[in-house]
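What follows draws every value from the coordinates through simple rules; no lab data is involved. From a predicted model like this one, the values you see are computed outputs, not experimental measurements. Cβ sites come from the backbone with ideal geometry, for glycine too, and all protein chains shown count toward neighbours.
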Amino acid sequence: MIQVLENKKVFINNGPIQMVVDISVKGKKIPEIGLEVSKYVISEFDKLAKHVPYIKANKPLKVMKDIPSIILEKMINAVTRSGDETLTPFAAVAGSFSDFALEKALELGATRVIINNGGDIALKDITGALIKVGIPLNNTELVLNITGESNIQGICTSGIGGRSFTKGIATAAVSLGETAAIADACATYLGNETNVEADSIMRCFAEEIDSETDIPGHLVTIKVGNLTKRDIYKSLLKGIEKAEKLYNEHIIQGAILCVKDKIVMLPDNIEVLK
């Protein structure tokens, strides 16, 4: 389903894709470009669907030669850059579609584009104008001020209660990247790293929840109860250490990790708390 909303944004609801396309040209909302982008997104989704059995069998590189997929290439590149060999290409699927939609919108003449694919965001204003992005964290709203100089075009979140599985205990692990695909893969990685052992944490194998999962045999977190301060800080420390490595290697531009009511950020000046 493709729908133009009252605010002139375009909503794409196609299988697992639930994407809001917000496109402007010189300050004016242009849903017609969003509708055109939607056609490209659905076409690429249909192409990717043919690869799914091979991706789950860990054979995507071989399959790309037979049926090229722009999305799959983005997924593989992003996961590879994250450095986490336990991730499958699906760790970057939502962000990859966001990137693709952004690129198509710019090709079609958009000057300001914000793509929100279930919380995995790709954004760019070619005039350099400020884009404000609000991220709710427990009872706090974190507002990111994105400018052209920041080199941030992707903002993605992983954690408990999200659309994808996590192995950690983060309420939210937010990654800021030069692309949404990279941010998506790294958010998954950082969320997984906020992992501690405690009786209040419930886990099960991924296939017990989803028989079609791409990570069978992996324990995933399904519930986090009360935690000691020691466990909270330990999990945040584990996550932020990995984030620092990615940041220092210029793979991400920043990260925000939230466990219960505690938040850590990298770098310290990336946000405005409301």
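Using a Förster radius of 30 Å, what is the FRET efficiency between R230 and I209 based on their Cβ-Cβ separation? Nearest 0.05, please. Provide the component values of the computation, followed by the final result.
On the way: r = 29 Å, r/R0 = 0.97.
After rounding to 0.05, the efficiency reads 0.55.
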Quiz item: What list do you get for C186, C204, C258, C156 if you sort them by fewest beta carbons within 10 Å?
Solution: C204, C258, C156, C186
Quiz item: How large are Rg and Dmax for the stretch 184-230 when only the alpha carbon atoms are used, in Å?
Solution: 12.1, 36
Quiz prompt | Reach of K234 by Cα under 18 Å, taken over aspartates and glutamates that are not fewer than 8 positions away in the same chain | solution = E193, E197, D199, E244, D261
Practice problem: Let me have the relative contact order for the chain, percent, based on Cα pairs under 8 Å that are six or more residues apart. | Solution: 15
Quiz prompt | Lys/Arg +1, Asp/Glu -1 at C-beta; the chain dipole; positive extreme among A206, A105, A172 | solution = A105
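Looking at the chain, which longest stretch skips every one of the GluC sites (Glu not before Pro) that is in a DSSP loop with at most 10 other Cβ atoms within 10 Å, leaving the sites themselves out? Could you put the intermediate results ahead of the total?
Working: sites that count: E6, E85, E197, E212, E249.
Excluding the exposed sites themselves, the longest stretch runs over 86-196.
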Self-check item: Cα centroid separation - the stretch 171-232 against the stretch 96-114, whole Å
Solution: 29
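Quick one: order V79, V25, V196 by neighbouring beta-carbon count within 10 Å, fewest to most.
Numbers: V79 28, V25 16, V196 20.
In increasing order of surrounding Cβ atoms, one gets V25, V196, V79.
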Self-check item: Label point distance in nm, D261-E107, each placed 7 Å from Cα along Cα→Cβ
Solution: 4.9
Quiz item: If you plug each phi of the stretch 72-80 into the Karplus form 6.51 cos²θ - 1.76 cosθ + 1.60 with θ = phi - 60°, what whole-Hz ³J(HN,Hα) values come out, in order, with x for Gly and Pro?
Solution: 4, 4, 4, 4, 5, 4, 5, 5, 4
Quiz item: Once you put a point 7 Å from the Cα of E141 and another 7 Å from the Cα of T127, both along the Cβ direction, what distance in nm separates them?
Solution: 2.4
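Among Y247, Y189, rank each residue by its count of other Cβ atoms within 10 Å, from fewest to most, as a rough exposure measure.
Taking fewest neighbouring Cβ atoms as first place, the list is Y247, Y189.
Nearest 5 percent is fine: what portion of the DSSP beta bridges confined to the chain is antiparallel? Walk me through the intermediate numbers first.
Numbers: 53 of 53 bridges.
Rounded to the nearest five, the antiparallel share is 100 percent.
What is the Cα radius of gyration of the stretch 2-273 over 2.2 N^0.38 Å, N being its residue count?
Details: Rg = 18.3 Å, N = 272, 2.2 N^0.38 = 18.5 Å.
This ratio for the stretch 2-273 stands at 0.99.
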Exercise. Treating only the Cβ atoms of Lys and Arg (+1) and Asp and Glu (-1) as charged, compute the dipole magnitude of the stretch 2-273 about its Cα centre; round to the nearest 20 debye.
Key: 200
Practice problem: Pairs of Cα atoms under 8 Å, at least six residues apart: use those to get the relative contact order of the stretch 174-236, whole percent. | Solution: 30
